Amino acid sequence: MSFDNRSIFEEEHKVFRDNFRRFCEEEVKPYQEKWIEQGIVDREIWEKAGENGFLAPKVDEEYGGLGLADFRYNQIMIEELAYVGESGFALSLHNDVIAPYISAYATDEQKQRWLPGICSGEIILAIAMTEPDTGSDLQAIKSRLEDKGDHYILNGSKTYISNGIISDLVIVAAKAPEGVTLVCVPRGAEGFNRGRNLKKMGMKSQDTAELFFENVVVPKTDVLGVPGQGFIYLMQKLAEERLVCAVGAIASSVYAFNETLKYVKERTAFGKPIGKFQNTRFRMAEMKTEITIGQVFIDNLVTKLNDGKLTPDEASMAKWWCTDLLNRVVDSGVQFHGGAGYMMEYPIARAYVDARITPIFAGTNEIMKEIIGRSLGL
Ligand SMILES: Cc1cc2nc3c(=O)[nH]c(=O)nc-3n(C[C@H](O)[C@H](O)[C@H](O)COP(=O)(O)OP(=O)(O)OC[C@H]3O[C@@H](n4cnc5c(N)ncnc54)[C@H](O)[C@@H]3O)c2cc1C
């Protein structure tokens with residue numbers, strides 16, 4: 001079932017989608033089982049993505065990017081990875097969540113140091129906000145930056161960090177005397193250690209890890225933006241991150257829906273395809289309707305983002321509603337697969353466990369409703 005009849009794309013986007021779809025077929029799909037088994041994707045996929053211009057395409061050409069400020073290209077990549085059920089290769093985290101911090105807040109010298117590697121795949125990114133004692137309440141982080149003149153000393157620990165093992169540069173949120181500050185810590189910095197690759201319910205090929213910082217020397221030249229402004233930077237960028245999450249959730253809903261549709265047409269019971277039972281047919285009709293409505297909303301917000309008009313409350317609405325929808329879609333998908341839905345060899349089972357995190361990360365759905373509620377003056 002196609003959800004492709006969408007008005008926001010132009011000819012150049014279709015060409016880009018075809019290219020990226022081919023990349024997914026040739027460079028992602030054949031390796032998915034291997035990546036799942038090893039609990040992490042291969043570095044080569046990052047390098048291949050870089051060679052093809054799929055890493056941080058928004059970055060200016062002078063720093064190695066393509067200068068493609070149009071988010072629709074990023075949207076296409078998020079969608080195509082979801083359509084092949086890929087949840088470990090964190091391209092979007094790198095492209096759409098973290099690289100924009102460097103583009104927005106880094107000095108020219110920092111941009112020259114980091115952006116070319118970010119675009120080539122030599123520098124894989126992570127962002128570390130969450131700590132063992134605090135996630136939603138970001139202001140309560142305990143990681144500390146002690147001011148030593150020309151450098152800070154960083155102490156603290158972070159957890160649940162995506163790309164935690166594979167990353168080469170980590171943006172760390174910590175408290176300096178000026179307040180929450182973002183600093184960039186490279187792989188190999190003395191005192192920076194990675195913990196376990198955490199065992200998760202889903203997203204098995206995504207490396208999610210604990211990070212430990214013990215007396216790490218952070219030169220002031222590795223501070224991102226102005227010390228003490230970190231919380232404001234995070235708030236400024238989180239709206240886009242939430243839309244990214246919603247774009248992925250709708251695309252994953254399309255994938256789970258299509259897997260289910262295929263199954264209910266093939267599987268028979270009581271002499272007919274299970275899709276012919278009214279309960280199945282009506283639920284499939286409901287899901288098709290809701291996904292279509294969600295897609296229209298998402299495409300509308302992508303246009304707003306491109307126009308610089310995306311608001312935090314709209315992004316929050318998209319994030320909670322689309323991730324909630326995804327979880328309802330995968331739940332029905334598993335149900336319609338019967339016992340097969342509980343078997344990991346069926347894509348719907350993997351989609352089910354992968355989906356469960358989406359109402360939790362990038363700000364929990366309860367926090368999203370807090371943001372929307374506050375925008376109502378409540
Ligand atoms: C797979 C995975 C990848 C992740 N990747 C990253 C990453 O790359 N970088 C990073 O920094 N973090 C990452 N996280 C962390 C994630 O963002 C946090 O888990 C999330 O923000 C929730 O924080 P918490 O786990 O501390 O839950 P808590 O904040 O302890 O929340 C627990 C529950 O209380 C509710 N709650 C909290 N405050 C309120 C409130 N004010 N009103 C109503 N309910 C409330 C929450 O909604 C939730 O249901 C990742 C997590 C996972 C599991």
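At-a-glance table
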| read-out | value |
| --- | --- |
| Rounded, prolate or oblate (a/c below 1.5 giving rounded, otherwise prolate when a/b exceeds b/c) for the range 11-120 by Cα gyration tensor | oblate |
| The chain: relative contact order as a whole-number percent, Cα under 8 Å and 6+ apart | 16 percent |
| With all protein chains modelled, accessible area of Tyr255 [1.4 Å, Å²] | 40 Å² |
| Surface share of carbon and sulfur [accessible, 1.4 angstrom probe, percent] for the chain | 53 percent |
| 10 Å binning of all Cα-Cα separations within the chain, expressed as whole percents from 0 upward | 5, 23, 33, 25, 10, 3, 1, 0 |
| Inter-part distance where the range 173-203 and the range 26-66 are each reduced to a Cα centre, Å | 22 Å |
| Between 0 and 90°, nearest 10: helix 230-266 axis offset from the chain longest Cα axis | 20 degrees |
| Degrees separating the helix 11-23 axis from the principal Cα axis of the chain, which is the longest one | 90 degrees |
| Percentage relative contact order, the range 11-120, counting C-alpha pairs under 8 Å, at least six apart | 34 percent |
| Kirkwood Rh (inverse of mean 1/r, distinct Cα pairs), the range 196-341, angstrom | 18.5 Å |
| Qualifying GluC sites (Glu not before Pro) in the range 84-191, DSSP loop, other Cβ atoms within 10 Å at most 11 | Glu190 |
| Between 0 and 90°, nearest 10: helix 71-83 axis offset from the chain longest Cα axis | 50 degrees |
| Of all DSSP beta bridges in the chain, antiparallel share, percent nearest 5 | 85 percent |
| Residue-by-residue Karplus 3J(HN,Hα) for the range 24-39, coefficients 6.51, -1.76, 1.60, Hz, glycine and proline x | 5, 5, 8, 10, 10, 3, x, 9, 4, 5, 4, 4, 5, 4, 8, x |
| Phi-based couplings in Hz for the range 357-370 (Karplus 6.51, -1.76, 1.60; Gly and Pro marked x) | 6, 5, x, 9, 8, 6, x, 5, 5, 5, 5, 4, 5, 4 |
| Packing-based order for 286-296, 270-280, 198-208, using average beta carbon neighbours within 10 Å, highest first | 198-208, 286-296, 270-280 |
| Built amide H within the under 5 Å cut-off of Phe192, gap 5+ | Glu214 |
| Residue-averaged [θ]222 nm for the chain, counting only DSSP H segments that reach four residues, each worth -39500 (n - 2.57) | -15000 deg cm²/dmol |
| Backbone HN-Hα couplings from phi across the range 320-325 [Karplus 6.51/-1.76/1.60, Hz, Gly and Pro as x] | 6, 6, 6, 6, 5, 4 |
| Sorted peptide list for 171-177, 155-161, criterion being average Cβ within 10 angstrom, highest first | 171-177, 155-161 |
| The range 292-378: Cα Rg divided by the 2.2 N^0.38 Å rule of thumb | 1.29 |
| Lys, Arg +1 and Asp, Glu -1 on Cβ, resulting dipole of the chain about Cα centre, debye, nearest 20 | 1440 debye |
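The values are calculated or read from the model by the stated rules, or taken from the named source; none is laboratory data. This structure is a prediction, so every number in the text was calculated from the model and none was measured. FYI the Cβ positions are ideal-geometry reconstructions off the backbone, even for glycines, and counts take in every protein chain you see. We work out accessible area using only protein heavy atoms, side chains counted, and drop any ligands, DNA or RNA first. Shrake-Rupley method; radii C 1.70, N 1.55, O 1.52, S 1.80 Å.
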